[in-house]
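Colleague: Dumping the structure here so I can ask a few things about it.
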Amino acid sequence: AGTWPDDKGGIEKMFELLELGLRSAAEVLDVESAWDTKLTDELLTRSQSRYTSLILGSHHVVGKQVPLDEAVDLFLQCGIQGRAHGAKVVLSITSNENDEDTMAYLASLKAAKLQDPEIPNISLLLGEIGSYSRILNPRFTPVTHECLPFKAAPGQLTAAEIMAGKLLDGRLKPQRYGILGHNIAYSVSPQMQSAAFAATKLPHTYTRCDVETVEEFVEGPVWNDDDFGGCSVTIPHKQNIIPHLDVLTDAAKEIGSVNTVIVKTDKFGTRVLIGDNTDWRGMYNPLRRRLGDDVGEGQYALILGGGGTARAAAYTAKQLGLERIYWNRTPSKAADLAREFGGVVATSLDDDADDEGSLGAILSKNKGSARAIISTLPNAAGFILPEYLLSDASSLPAVLDVNYKPYDTPLLLQSIEAGCDVVRGSEMLWEQGAGQFELWTGRAAPYGVMRGAVLENCLPKEEEE
């Protein structure tokens, strides 16, 4: 709105557009903080009471240079008395003899110490003379693109130029990531995460860390490198990594295993190692898309297996609102899951009315149905379901198999033939990987890029004639 007409008619027209934005569920509304206070109050009141749009308070100074203290006041003004979710100040400078191109950024830092509540600040300078401000600004910087015939505004940079500038300026530190496990040559995580870093212009690396014991890794060069940013954790180390961490998230605590290590620095500059678990998100997101929100009483998740991934599956089913039934060839492991996450153990998968512990008897007794089936069994088991679970076309379960190689397991092929909605392990992989990327970087994951990298490495290759 920096060049929008600020006469009475122009302002009224702007608020008409902002009202349209509210009704259209725009994610963010850019509201000029110095315009009509009555119209602004009415707009924000409606936004707070009925709508979900975030408010970005903004102010543009065009054609003149203001002192630093005045710029700080403008950031505070853009908080709109604590009602804005972010503040954007766009300034002008007339020269750069004394590093004036850092003024907007410095003003945003000073304002952050005075804001109550503190909100994200966006600080920009107009024109080519202010292009460096786009490298200094930490968030939501407007960009141009290499393919566009011209820039939308003088001084705009491409994302690649901004990221390169941050790297050269020392504001973006290359970090080392990897996947910790054993016998993990099959893993597609390096291709997936490397593609994500490349797409977002981040200078990070991601490698395989194949070791027999966790101790080999935590005593080695990657874990102890100042540039270590975190890692994925896979079998057999998801539980053994926990004693080497400083903090566990609630999900990791309840699941009892860690698939993601995040490195942060506290206010004293001390490294803090955080353990999280995104495996459950890798299951939850696609199953929620298949099941929707209509999950009612008597609807069950059948969880197959008894290891760390089965724990994540139990947690997932609980978050989905499904009752839980567990089956494993080692009944004691299934009993452990039932004790910790709630639910019952099926002693067999048969539909046997004379065996109270059979799956069929449990479902019949509780007038229930299997709404979702999550298999964490190894593909080598060649597992398939009893046919009675797939016999009623009107109430077929969604079936998730955590294995992503091969692309179609015997269980998935059986389920597809029966008409079930299926979730392949490859989908779980990119879902949980996107969660890891966001935990590490604080950025939105390039979902399509990560999905493409997984499919490129998981889809079966056509045999040459």
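Colleague: Test LEU180 against the criterion of being surrounded by 20 or more Cβ atoms within 10 Å (Cβ to Cβ), over 18 Å from ASP101 (Cα atoms) and not small (Gly, Ala, Ser), and give yes or no. Let's see the steps before the verdict.
Modeller: On the way: surrounded by 20 or more Cβ atoms within 10 Å (Cβ to Cβ): yes; over 18 Å from ASP101 (Cα atoms): yes; not small (Gly, Ala, Ser): yes.
So LEU180 passes the test.
Colleague: Could you list, in sequence order, all residues of region 5-43 that are surrounded by 12 or more Cβ atoms within 10 Å (Cβ to Cβ) and outside any helix (DSSP H, G or I)?
Modeller: Result: ASP6, ALA26, VAL28, LEU29, ASP30, VAL31, GLU32, SER33, ALA34, TRP35, ASP36.
Colleague: List every residue pair whose Cβ atoms sit under 8 Å apart, with the two residues 6 or more apart in sequence or on different chains, where the first one lies in region 51-63 and is without any contact (Cβ under 8 Å) to a residue 40 or more places away in the chain and the second, anywhere, is outside any loop (DSSP other than H, G, I, E, B) and open to solvent by 70 Å² or more (accessible area, probe 1.4 Å).
Modeller: Going by the 8 Å Cβ cut-off, the qualifying pairs are TYR51/ARG23; SER53/VAL28; LEU54/VAL28; ILE55/VAL28; GLY57/GLN77; HIS59/GLN77.
Colleague: A follow-up question, please. Within region 146-173, which residues are in contact with a Ser or Thr (Cβ under 8 Å, 6 or more places away or on another chain) and either charged (D, E, K, R) or open to solvent by 60 Å² or more (accessible area, probe 1.4 Å) (or both)?
Modeller: GLU146, LYS151, ALA152
Colleague: Quick check on this structure: which one of SER123, SER58, SER108 is within 30 Å of the chain's Cα centre (by Cα), in a helix (DSSP H, G or I) and surrounded by 14 or more Cβ atoms within 10 Å (Cβ to Cβ)?
Modeller: Answer to the check: SER108.
Colleague: Within region 99-115, is there a residue that is in contact (Cβ under 8 Å) with a residue 40 or more places away in the chain and either farther than 18 Å from ARG139 by Cβ or of a type in the set (D, E, K, R) (or both)?
Modeller: Taking every residue of region 99-115 in turn, at least one turns out to be in contact (Cβ under 8 Å) with a residue 40 or more places away in the chain and either farther than 18 Å from ARG139 by Cβ or of a type in the set (D, E, K, R) (or both).
Colleague: Out of (1) within 26 Å of GLY256 (Cα to Cα); (2) open to solvent by 40 Å² or more (accessible area, probe 1.4 Å); (3) touching a residue at least 12 places away in the same chain (Cβ under 8 Å), what's the single condition that is false for LEU322?
Modeller: Failing condition for LEU322: (2).
This table checks each residue for (1) of a type in the set (Lys, Arg); (2) at pLDDT below 95; (3) part of a loop (DSSP other than H, G, I, E, B).
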position: THR3; (1), (2), (3): no, yes, yes
position: THR45; (1), (2), (3): no, yes, no
position: LEU74; (1), (2), (3): no, no, no
position: GLN77; (1), (2), (3): no, no, no
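Colleague: May I ask you to verify whether PRO386 is surrounded by fewer than 16 Cβ atoms within 10 Å (Cβ to Cβ) and touching a Leu at 6+ places or on another chain (Cβ under 7 Å)?
Modeller: On the way: surrounded by fewer than 16 Cβ atoms within 10 Å (Cβ to Cβ): yes; touching a Leu at 6+ places or on another chain (Cβ under 7 Å): yes.
For PRO386, the condition - surrounded by fewer than 16 Cβ atoms within 10 Å (Cβ to Cβ) and touching a Leu at 6+ places or on another chain (Cβ under 7 Å) - is met.
Colleague: Hey, can you tell me all the residues within region 274-291 that are open to solvent by less than 10 Å² (accessible area, probe 1.4 Å) and of a type in the set (A, V, I, L, M, F, W, C)?
Modeller: If the condition is that a residue be open to solvent by less than 10 Å² (accessible area, probe 1.4 Å) and of a type in the set (A, V, I, L, M, F, W, C), then MET283, LEU287 are the ones that fit.
Colleague: Quick check: is even one residue across region 414-435 surrounded by 21 or more Cβ atoms within 10 Å (Cβ to Cβ), part of a helix (DSSP H, G or I), touching a strand residue (DSSP E or B) at 6+ places or on another chain (Cβ under 6 Å) and not acidic (Asp, Glu)?
Modeller: Checking region 414-435: at least one residue is surrounded by 21 or more Cβ atoms within 10 Å (Cβ to Cβ), part of a helix (DSSP H, G or I), touching a strand residue (DSSP E or B) at 6+ places or on another chain (Cβ under 6 Å) and not acidic (Asp, Glu).
Colleague: Write out, first by first residue and then by second, each pair whose Cβ atoms fall under 8 Å of each other, whose residues are 6+ apart or on separate chains, and whose first residue, in region 242-255, is more than 22 Å from PHE228 (Cβ to Cβ) while the second is charged (D, E, K, R).
Modeller: So the pair list comes out as ALA251/ASP276; ILE255/ASP279; ILE255/ARG311.
Colleague: Please specify each residue of region 65-98 satisfying the condition of being open to solvent by 30 Å² or more (accessible area, probe 1.4 Å), in contact with a Leu (Cβ under 9 Å, 6 or more places away or on another chain) and farther than 24 Å from ARG23 by Cα.
Modeller: GLN65, LEU68, LEU76, listed by residue number.
Colleague: Sticking with this one: Can you report the number of residues in region 361-378 which are among the small types (Gly, Ala, Ser) and open to solvent by 40 Å² or more (accessible area, probe 1.4 Å)?
Modeller: Final tally of qualifying residues: 2.
Colleague: While we're on this one: If you scan region 296-314, which residues turn out to be out of contact with any Lys or Arg (no Cβ under 7 Å at 6 or more places or on another chain), open to solvent by 20 Å² or more (accessible area, probe 1.4 Å) and under 25 Å from GLY435 (Cα atoms)?
Modeller: Taking region 296-314 first, the residues out of contact with any Lys or Arg (no Cβ under 7 Å at 6 or more places or on another chain) are 296-297, 302, 304-305, 307, 309-313.
Okay, now just the ones that are also open to solvent by 20 Å² or more (accessible area, probe 1.4 Å), so 296-297, 307, 309, 311.
Of everything in region 296-314, those that are out of contact with any Lys or Arg (no Cβ under 7 Å at 6 or more places or on another chain), open to solvent by 20 Å² or more (accessible area, probe 1.4 Å) and under 25 Å from GLY435 (Cα atoms) turn out to be GLY307, THR309, ARG311.
The values are calculated or read from the model by the stated rules, or taken from the named source; none is laboratory data. This is a predicted model, so every value here is computed, not measured. A quick note on method: Cβ atoms are made from the backbone with ideal geometry, for glycine too, and the neighbour counts reach across all protein chains shown. Surface accessibility is based on the protein's heavy atoms, side chains included, excluding ligands, DNA and RNA. Shrake-Rupley method; radii C 1.70, N 1.55, O 1.52, S 1.80 Å.
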